Structure formats: structure tokens, C-alpha cells
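The values are calculated or read from the model by the stated rules, or taken from the named source; none is laboratory data. A quick note: this is a predicted structure, and the numbers were derived from the prediction, not measured. Every residue, glycine among them, receives a Cβ derived from its backbone with ideal geometry; neighbour counts consider all protein chains shown.
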Amino acid sequence: MRAKPVKWGLIAVALAYLLAILVIPVGAVVWRAFQAGLDPVTETLTSDLFLHAMWLTLVCTLIAVPLNTIFGVMFAMLVVRRRMRGRNFFSLFADLPLALSPVVIGLSLVLVWGIHGWFGGWFFEHGIRIIFSLPGMVLATIFVSLPFVVREVVPVLRAVGTEQEEAAEVLGASPSRIFWRITLPSIKWGVAYGVILTTARALGEYGAVAVVSGRMTGQTETATIFVDSQWTQFNEEAAFTAALVLAVIAVIVVVAVNLIVRKEDIDGHHR
Amino acid sequence: MRRRGQGALSLGLAVGYLGLIVMIPMAALAWAGLSQGAASFWAAITEPETLAALQLTLAISAIVAIVNAVMGTLIAWVLVRYRFPGRGIVDGLIDLPFALPTIVAGLTLLAIYGPNSPFGVNIGFTRVGIAVALLLVTLPFVVRAVQPLLREADLEAEQAAASLGAGPLYVFRRIIFPGIRPGILSGSGLAFARAIGEFGAVVLIAGNLPFQTKMSSVDIFGLIEQDKPDAAAAVSLTLLVISLASLALFDFLERRSAREAG
């Protein structure tokens, strides 16, 4: 009989904490976006400034996600299957973006690709700007979202083992055929999970892109920078409308992740 | 022969990509921070405003890690051990802070707990506000690290202890806690490292007053804008070393407590 009040007490504490720190803040994005009615929302959503910012975010994401996915699967194969030399050393660098402040990532890119940086001067002399321009923003997006596919695929590759691959090899299948027909299908949910996390990180990146983009309104302003700049210009509705778009994407990502985890459970190899 | 050629090609591509994206920029950061000599490195990180920001960052991150250890464990416990309406939705919500852009998190916290709060609480431009923003973005770490360990916990040992007359607190301290301690440690360690470097979530709500609410990431951003890349690199390296050292320490503690738990 004593256990009941303890149970509901703990549930109440947990839910109150989540409500205060997560549910109310995220809910408030919707409320604040529509506070002045529907018109400011549609006005922002159709404004050139917002559409351009969204377009830049999309370009950075669409370049970063495929590259990081190919790299992630390749790197995981090298680490787990080929046990390449120096794998611990290289894995440290593949994990490093998670331990770095986004601002530090931005700074390190400026030091390489800025006009006074290691390579940036040469590119500048040849008419190519990298920092304060799209290439730098793409590099920053790739950097911050690099670890996720690797981290999801490595444990799955270890878990599925090599029996089926070895059997296929004995039967004479070529390495590329083994990869496409056996390895890839067995790691597909790990890859999918990694791709979703990479996409979420790329769409939502702020700090690193803020450093390398120069935050020029209408030129190098991504969706997250748009949120910040509208807020500091006291255009609250515009800031919250853009924030709402980003939050809705985040919710879709979370739902997709939960569906994939459930699918993995059914498939039998739980992470 | 063909196989070896393919292996060398993928090795070259993967290492080349990692080198271009991560390793060369890290080398440039280390060079900018260290090539200026020990004296100016030291001068950069002991500059009063910078030092105050570093101290504030470490103190708030430590508090955030501790609150996460307690609340994260409690939330994981509630989600694993209890059945209540809406449990599945709450469980799914835990991942939201990882997907939500940090600037959105900071913006919305300022809107509801800032100067124009509809609840009448104003923690905008205070250290409490910074801590709340960091608690939001680090929420999943401990919860997600403790949940699987709680699911695997030995229920029979708990029941045996209870039937022998052990109280619930005793059972928790002696039987449950040792099993989930590795998860609490690794989750708190990740939360601490994340809090140290966080920028987007704090930049709006902190107000960034020097010596009061200015965090190190904001300090570095300011140094870059003032065109002081070497000083920014010195502070960045300090932050990176603290972050890596704390991750290594928590990893060591986690392994040790996992061994003790058997």
C-alpha cells in the first residue's frame, strides 16, 4: 500500500520537470507564432528573406547529409571490417565534433579558409571566397554533423557479425556485390537513424555557421540565423514563425527516430 | 589484388575527407593557439573577462551535470518502472532536445521565462536562465544512458532483498544504484561536455554581461568578431582540453563502476 503514493509522487515530479523545461517552452513557440493571428505568419513564410534563409539551410543540408552518409558508412566499414591501422586515432577525430563548441568549429574553419588562413588566401587570390560565403557555411555544416552516421553504423556492423559475408565470399560473390546485397541491407536501419540525426543537426546548426557566414542579411543568413536576427530586430512574430517551422521539423525527426527504433526492435537487433 | 586496391581507395577517400573537414582545421586551431608562445597564451586565457567567463562556464556546467544526474535518473526510473497514461509519448519527447535547433530553444525560453513572461517569472539575463537553457539541451543524455540499464536490472534480487525486510531506500542504494551508476556517470559526463561548449541556447537568454552572465562560447565569439583570432584560439583550446579531459575522466569512472557492478 505504501508504494502507491511514492509512485505517483515520482511521476508527478518527473512530469512537472519535463513540463517546465521542455513541453511549455516548445508549446510556447506555437502560441507566440500565432499570437497576432495568421497574417504575420503567412507574411513571414512568403517573404523573400525567409525563403532565401530556408533555401540556404536546405542547400547546406543537402550537401552535408549525402557526403557524411557515404563517409560514415565507408569509415565504419574500415574501422569494424578492415580493422584499419590507426583506427583509434582517426575515430577520435570522427567523434571530436561532439566535444567541440560550435563557435570553436567556426573559428577553426576561419583559421584555414579565411583570407588570412592557411588556404583561404590562395583561394581568395583566385576569386573564390570561402569564409563569409556559401562554401564556408557548407564546410561548417559538414563538420558539425559528421559523427552521427559513423556512431550509429559502427555498433550495428559489430552486432551483425561477418558470418553471412563470409558465406557469400566462399560462394564467390565479389566484394561490391557482398556490400550491396548483404552488408548494406543488414545495417540499413542504423544508416537511416544516422541520416535522420545528421539531417536534424545540419538543419538546426547555428553557432558554427554564424561564425563563418558573417550573418549578412539576405545573403548568408540561414534559417537559424534568421530566427536570431529577426528577434534582435524586434520582429517577434517573424522570429517565432521561423522557429515554429524548425520546431515542426524537429518533431517530425523525433517521430521518425521513434518509428525506426521500434522497427529495429521488431527486426531483432536492438541497439 | 583488386580487393586490396579497393580497400586502399576507400581508405584514402575516408581519411582524406576526415583530414580536410576536421583534422586540418584542428591543426590550424592548435597552431594559432600555441605558436604565439606560452606567455601570450597565458595572457589570453587569464584576461579578467575571459577568466570570469571560463569560471562561470565550468561552475554552471557542473551544476547542470549534477541536476541531470538526479532528474535524468528519476525520469528514466519513472519511464521504465511505472505504467501511466501517456508514458509512450513522454518517452518519445525525451529525444526532442537533440532535434530542436538550439537557437529555437533559447528563444522560446526567453519568451516564456524572460522579461515578458506570461507566468511572471523572469530569469532572462541571469545565471539561472543559463542553467535552465543548458538543462533543456542536455536533458536526453542521462535519461537515455540509464534507461537500458534499468531495463536489464535484476528484479529478483530487489524482491529478495525486500522480502528479507530491506526498505525501498536500502534496496535502491545497495542493489539498483550500483547497476545504473555507469549510465549516470556517462550521461552526466556527456551533459557536462555539451554544456561547456553550448552557444545557441544560451546566447539569447544569457544577456552576455561581462563578469556576470557571459559564457566562454560567447566570449570566443566576441573575440572572433573583434578580430583577435589568436586569443580566441587560446580560449578555444582551453575549452577543448577541459571537455576532452572531463570525457576521459567520466569514461574512466564509468568503466570502474561497471567493473564493480560485476
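In this structure, does residue B:69 turn out to be part of a helix (DSSP H, G or I) and within 19 Å of residue B:191 (Cβ to Cβ)? So residue B:69 fits the description; yes.
In this structure, residue A:78 does not satisfy being facing chain B (nearest Cβ under 10 Å) and within 23 Å of residue B:29 (Cβ to Cβ). Within region B:199-228, being within 12 Å of another protein chain (Cβ to nearest Cβ) and either in contact with a Leu (Cβ under 6 Å, 6 or more places away or on another chain) or aromatic (Phe, Trp, Tyr) (or both) holds for B:199, B:204, B:205, B:216, B:221, B:224. Only residues that are more than 11 Å from chain A (Cβ to nearest Cβ), of a type in the set (A, V, I, L, M) and part of a helix (DSSP H, G or I) were counted across region B:235-262, and they come to 3. Do we have any residue at all in region B:82-101 that's closer than 16 Å to residue B:218 by Cα, assigned by TED's automatic domain parsing to the domain that holds residue B:239 and part of a helix (DSSP H, G or I)? No, region B:82-101 contains no residue that is closer than 16 Å to residue B:218 by Cα, assigned by TED's automatic domain parsing to the domain that holds residue B:239 and part of a helix (DSSP H, G or I).
Determine if region B:33-53 includes at least one residue that is assigned by TED's automatic domain parsing to the domain that holds residue B:144, buried (at least 21 other Cβ atoms within 10 Å of the Cβ) and either of a type in the set (A, V, I, L, M, F, W, C) or without any contact (Cβ under 8 Å) to a residue 12 or more places away in the chain (or both). Yes: one or more hits. Summed over region B:86-121, the residues that are acidic (Asp, Glu) and more than 25 Å from residue A:57 (Cβ to Cβ) give a count of 1.
Of the residues making up region A:92-102, just one is touching a residue at least 12 places away in the same chain (Cβ under 8 Å), crowded, with 24+ Cβ neighbours inside 10 Å and hydrophobic (A, V, I, L, M, F, W, C), namely A:94. Looking at B:93, B:107, just one residue is under 25 Å from the mean Cα position of the chain (by Cα), hydrophobic (A, V, I, L, M, F, W, C) and crowded, with 20+ Cβ neighbours inside 10 Å, and that residue is B:107. Evaluated against (1) at pLDDT below 95; (2) crowded, with 21+ Cβ neighbours inside 10 Å, residue B:130 falls short on exactly one condition, (1).
In region B:99-117, of all residues being more than 7 Å from chain A (Cβ to nearest Cβ) and not small (Gly, Ala, Ser), the one that is nearest to residue A:102 (Cα to Cα) corresponds to B:110. Listed by position, the helices (runs of 4 or more DSSP H) contained in region A:184-271 that have at least 2 residues being in contact (Cβ under 8 Å) with a residue 40 or more places away in the chain and away from chain B (no Cβ under 11 Å) are A:184-204, A:236-267. I'd like to check something: does region B:26-41 contain any residue that is more than 30 Å from residue A:136 (Cα to Cα) and part of a helix (DSSP H, G or I)? Yes: one or more hits. Just one of the listed residues (A:105, A:70, A:115, A:63) is more than 7 Å from chain B (Cβ to nearest Cβ), surrounded by fewer than 18 Cβ atoms within 10 Å (Cβ to Cβ) and in contact with a helix residue (DSSP H, G or I) (Cβ under 8 Å, 6 or more places away or on another chain), and it is A:115. The residue that is farthest from the other protein chains (Cβ to nearest Cβ), counting only those in region A:1-54 that are in contact (Cβ under 8 Å) with a residue 60 or more places away in the chain and among the hydroxyl-bearing types (Ser, Thr, Tyr), is A:47. I need the full set of residues from region B:121-168 which are free of Cβ contacts under 8 Å to residues at least 60 places away in the same chain, among the polar types (S, T, N, Q) and away from every other protein chain (no Cβ under 13 Å), in order please. Once the filter is applied, which keeps residues that are free of Cβ contacts under 8 Å to residues at least 60 places away in the same chain, among the polar types (S, T, N, Q) and away from every other protein chain (no Cβ under 13 Å), region B:121-168 yields B:122, B:163.
Only residues that are under 26 Å from residue A:57 (Cα atoms) and buried (at least 16 other Cβ atoms within 10 Å of the Cβ) were counted in region A:118-128, giving 3.
Among residues that are in the same structural domain as residue A:205 (by TED's automatic domain parsing), at negative phi, out of contact with any Pro (no Cβ under 6 Å at 6 or more places or on another chain) and in contact (Cβ under 8 Å) with a residue 60 or more places away in the chain, residue A:74 is not included. Residue A:84 meets all of the listed conditions (1) surrounded by fewer than 17 Cβ atoms within 10 Å (Cβ to Cβ); (2) of a type in the set (A, V, I, L, M, F, W, C); (3) free of Cβ contacts under 8 Å to residues at least 60 places away in the same chain but one, namely (1).
Tell me, please, whether a residue that is of a type in the set (Asp, Glu) and surrounded by 15 or more Cβ atoms within 10 Å (Cβ to Cβ) can be found in region A:143-162. Yes, region A:143-162 contains a residue that is of a type in the set (Asp, Glu) and surrounded by 15 or more Cβ atoms within 10 Å (Cβ to Cβ).
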